[in-house]
Amino acid sequence: MAAPAAPVLVVIGIHREELAFGREVAAALAPDEADVLEIPDGLSGRRPRPDQCFRYDLAHEALYLQLLPHMRGRHRLLIDLHVGADRDGPCADLMCGDAALAERLQAALAQGAAAGAPANGVRVIRLGAPDAIPTRTVIPERIWRNPAFLYLCMEIYLADDGSARPQAVALARRLIGLAAQCAGDAVAVPHRCC
């Protein structure tokens, strides 16, 4: 008999340059905390040339839509893990389309900060909200605004020189746990529709 699925699915390697970091984060997760889906040959994270955008956007959309069967009735939360560079890193952006999840994440970060857990450098951005930080995403709306599960894009930023990589891995690990807790509060059982 197969073990039940964890409530969280963490996807790593959507952009192939980010796969090594994703593997480091995945290695730090407890097996019952999250299932990990590794994309072994993801897309390039580099910006396409203007004449390549249409094809790149189609490939990006197709890759994301392939995640739907992995979510169907098995997980409450899809965490899409990415890594970038920021001279102030490690820091993070947490982007989601669900208002309740965004509010719970913000409250949990504030509560953690009050208890001494660092939350500076972590922003919660609500996709599709009229007052949100302007964002553009090629992630299909069927993924980030799906009634069957919650979606969270987690962009972890490393310092330009990569010197704080272990701290960035620890930050990602802590934020995954926090998101899992917030998603558990936000949703009871996933629906079957995708």
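The values are calculated or read from the model by the stated rules, or taken from the named source; none is laboratory data. Nothing here was measured: the structure is a model prediction, and the numbers come from that model. Every residue, glycine among them, receives a Cβ derived from its backbone with ideal geometry; neighbour counts consider all protein chains shown. With ligands, DNA and RNA removed, areas are computed over all heavy atoms of the protein, side chains included. Shrake-Rupley method; radii C 1.70, N 1.55, O 1.52, S 1.80 Å.
Overview of results
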{"read-out": "Structure-derived Rg and Dmax of the Cα atoms in Å - corresponding label in (1) 20.6, 67; (2) 17.6, 52; (3) 16.1, 50", "value": "(3)"}
{"read-out": "Distance (nanometres) between label positions extended 7 Å along Cα→Cβ at S44 and L68", "value": "2.9"}
{"read-out": "For region 55-131, alpha-carbon Rg and Dmax in angstrom", "value": "15.3, 47"}
{"read-out": "Potential extension, Q111-Q52 segment - 0.36 nm per residue separation minus Cα distance", "value": "16.8 nm"}
{"read-out": "Projected area averaged over orientations for region 1-55, convex hull of C-alpha atoms, nm²", "value": "5.2"}
{"read-out": "The chain: antiparallel DSSP beta bridges as a percent of all, rounded to 5", "value": "20"}
{"read-out": "Surface share of carbon and sulfur [accessible, 1.4 angstrom probe, percent] for region 1-93", "value": "53"}
{"read-out": "At least 15 Å along the helix axis (C-alpha) and Kyte average at least 0.0, DSSP helices within the chain", "value": "53-65, 99-114, 165-186"}
{"read-out": "Taking the chain and dividing mean pair separation by its residue count, relative contact order in percent (alpha carbons under 8 Å, at least six apart)", "value": "29"}
{"read-out": "Rounded accessible area per residue of the chain, 1.4 Å, Å²", "value": "53"}
